[in-house]
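For reference, the structure discussed in these notes is given below.
Derivation of every value follows stated rules applied to the coordinates shown; laboratory data play no part. Treat the numbers as computed from the prediction; the structure is a model and nothing was measured. Cβ placement follows ideal geometry from the backbone for every residue including glycine, while neighbour counts extend to all protein chains displayed.
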């Protein structure tokens, strides 16, 4: 059995993106980032503020809700930080780290969550980017995740740019890519799952990247493991990463 | 005082075909879903849905061929169910004309309408193809910083419908938990309709007036609809009924008919 299940790798590496004292936000349709924030609250000693789209502040539920907008993320909260509040916080640059998902991602951390094919006559209508177009250029640090790591999801050219901006990290089930938005640079491979080589990752990635600085991702700590096991009693996380079954062993 | 309490059917009949409707709530949470179902039952047509994060609601109306236009930011059933299939198909087939937003751009449009100004500034958006797609304009700070800001036109829905935990006979509506976007929505819309779990006294609401999301003078009509947010959640009264959502997502007209017939409001009384 591999060291990391796909969902575990994404969740733990999204959690590792959090820095001490940051204000961190997870939004709608974002079970894995929600899990990352809850894991970080349980596994890491440093303080940070966790805001969820459900309106709760620093709520750490006993079990992971199926919806990342669930009122379970309000239970016990001493405040409700509403939609208008967290958007304004983001756009005035005070929401330090925001997690955003996407269907397609390019080497500059831009996203397409709108359509496959021509926007006006799409082959596939995607959900839309939520607040990404507003938050991505205004919040200081954006962390992207994608549960399917393939040439059709990580692309050189997006079919539509839903959002562009301050992406600093991209986590997939195989790899962690990083970039400095201030330099408007492309992603480089920062770390990779120990059982997948940089060459294998390159073969599964539609954009070119520098792998010179790549290292194996550090092993999950005992506290990260324990936090994951505690919150994922219902195996919700595996449900979030079904698409990679087709990629395993490819 | 004119009587504001009407039946759910009357509330749905008061929304004409072709109307633009802003629904309260977000995804599976505190949406006015009984009213949405009632619109489908009455055979509504050509509606416009305005909501930053719709899902079950817009999907059901697409399935019932009741919606032809939408302003949305992100659309999914959520809760592990992924995309909204009927909504997606309606767009791919050209039956639903989408104006794609970025959630906050809808809120900014609502805020503009609420404040009585023709447009509102919104941060970000630069670098997104939505800017050109929607032909949104920019303004340079007339006060001298030189900073360029995107402005979006006002959005004034014909009707706003929200689901509240409690309401009194005057329409004062109390909501527990997140207001989602219901505050700017109810200020921007030309008419405000409320469905609520429970009828309560004005004295009860007056004990904590800060929990009243919409004051009664703004509310045209209301219906008391227990479990009106089903199959979604209503904090703190009930959670999402995931089995019912899964059953709703079974394909075919029969599954939709079963879902509509099995909804709480269809059980609660003999329908007129």
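Observations, loosely collected:
- Annotation: peptides A:209-216, B:240-247, ranked by per-residue average of other Cβ atoms within 10 Å with the highest first, follow the order B:240-247, A:209-216.
- Protection proxy ranking of B:219-226, A:49-56, A:128-135 - average other beta-carbon atoms within 10 Å, highest first: A:128-135, A:49-56, B:219-226
- Inter-part distance where segment A:21-82 and segment B:165-241 are each reduced to a Cα centre, Å: 25 Å
- Of all DSSP bridge pairs formed entirely within the protein assembly as shown, close to 35 percent run antiparallel.
- For segment B:168-230: rounded, prolate or oblate by the Cα gyration tensor [a/c cutoff 1.5]: rounded
- Going by neighbour counts of Cβ atoms within 10 Å, the residues A:11, B:161, A:23 line up, fewest first, as A:23, B:161, A:11.
- By the count of other C-beta atoms within 10 Å, a proxy for reagent exposure, A:92, B:170 are ordered fewest to most as A:92, B:170.
- Bridge type composition, segment A:90-192 - antiparallel percent by DSSP, nearest 5: 55 percent
- Looking at segment A:6-242 alone, DSSP beta bridges between its own residues are antiparallel in about 40 percent of cases.
- For segment B:49-166: rounded, prolate or oblate by the Cα gyration tensor [a/c cutoff 1.5]: prolate
- Rounded FRET efficiency, nearest 0.05, which uses the C-beta distance separating residue B:203 from residue B:145 and R0 of 45 Å: 0.35
- Residue order for B:182, B:141, fewest other beta carbons within 10 angstrom first, comes to B:141, B:182.
- Amide N proximity, segment A:167-183 versus residue A:124 label position 7 Å along Cα-to-Cβ, cut-off under 17 Å: A:173
- Three-way shape call for segment A:108-250 based on the alpha-carbon gyration tensor, with the a/c threshold at 1.5: rounded
- Each Cα pair under 8 Å and six or more residues apart adds its sequence gap; the mean of these over the residue count of chain A is a relative contact order of 20 percent.
- Per residue of peptide A:159-170, the mean number of Cβ atoms on other chains within 10 Å of the residue Cβ is 3.
- For segment B:1-34 and segment B:84-113, distance of Cα centres in Å: 19 Å
- Averaged over peptide B:104-117, the number of partner chain Cβ atoms lying within 10 Å of each residue's Cβ comes to 2.
- Over the protein assembly as shown: Kirkwood hydrodynamic radius from C-alpha pairwise inverse distances, Å: 23.4 Å
- Here each label is just a point 7 Å from Cα along the line to Cβ, and for residue A:92 and residue A:21 those points are 1.9 nm apart.
- Residue mean of other protein chain beta carbons inside 10 Å, A:188-199: 0
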